[in-house]
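To keep things clear, I will list the structure first and then write my remarks on it.
Derivation of every value follows stated rules applied to the coordinates shown; laboratory data play no part. The structure presented is a predicted model; accordingly, all values stated were derived computationally and were not measured. Positions of Cβ are generated from backbone atoms using ideal geometry, with glycine treated the same way; all protein chains shown enter the neighbour counts.
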Amino acid sequence: MEDESERRIAANEARFREVNEAISRGQWPGDADAVGFRCECALLGCNRLVELTADEYEQVRARARYFVLAPGHQRDEIEKVVETQPGYVVVEKTDAAGDVAEATDPRD
């Protein structure tokens, strides 16, 4: 996959991450209830929600290259699965997609 295509895909996924950041900010610290977060995948038209607690989401967001996706929504050419949980997977962006993920991280 070309670098420009990887960058475009990663930029789209970063927008979903921004939505999830807003969802996360609305939770009380330490809230143990599951919350519906947007799948941060690159699939056009995806509107899937993945359920995880605010604390679990914080663990994902501790790394700029990590994203939360619905199972099966990962794209092997730009990311690798680093964790599998019931109802969601955590992926790490690689190569150019990883560079975009770091550059667009709203927490940096």
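So here's what we get for this one:
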{"read-out": "Within the stretch 43-60, considering residues that are more than 25 Å from ALA96 (Cα to Cα) and of a type in the set (Val, Ile, Thr), the one surrounded by the most Cβ atoms within 10 Å (Cβ to Cβ)", "value": "VAL50"}
{"read-out": "Failed criterion for ALA101 (all others in (1) of a type in the set (A, V, I, L, M, F, W, C); (2) in a loop (DSSP other than H, G, I, E, B); (3) touching a strand residue (DSSP E or B) at 6+ places or on another chain (Cβ under 6 Å) hold)", "value": "(2)"}
{"read-out": "Any hit, the stretch 39-53, residues being more than 14 Å from the chain's Cα centre (by Cα), outside any helix (DSSP H, G or I) and in contact (Cβ under 8 Å) with a residue 24 or more places away in the chain", "value": "no"}
{"read-out": "The lone exception for ASP99 - which of (1) over 15 Å from PHE37 (Cβ atoms); (2) touching a Ser or Thr at 6+ places or on another chain (Cβ under 6 Å) it fails", "value": "(2)"}
{"read-out": "Identity of the residue in the stretch 69-87, in contact with a strand residue (DSSP E or B) (Cβ under 6 Å, 6 or more places away or on another chain) and small (Gly, Ala, Ser), that ends up nearest to LEU49 (Cα to Cα)", "value": "ALA70"}
{"read-out": "Search result, residues across the stretch 61-82 that are part of a strand (DSSP E or B) and surrounded by fewer than 18 Cβ atoms within 10 Å (Cβ to Cβ)", "value": "LYS80, VAL81, VAL82"}
{"read-out": "Residues located in the stretch 66-98, provided they are free of Cβ contacts under 8 Å to residues at least 60 places away in the same chain and acidic (Asp, Glu)", "value": "ASP76, GLU79, GLU83, GLU92"}
{"read-out": "Complete set of residues in the stretch 84-107 that are in contact with a helix residue (DSSP H, G or I) (Cβ under 6 Å, 6 or more places away or on another chain) and closer than 14 Å to TYR57 by Cα", "value": "VAL90"}
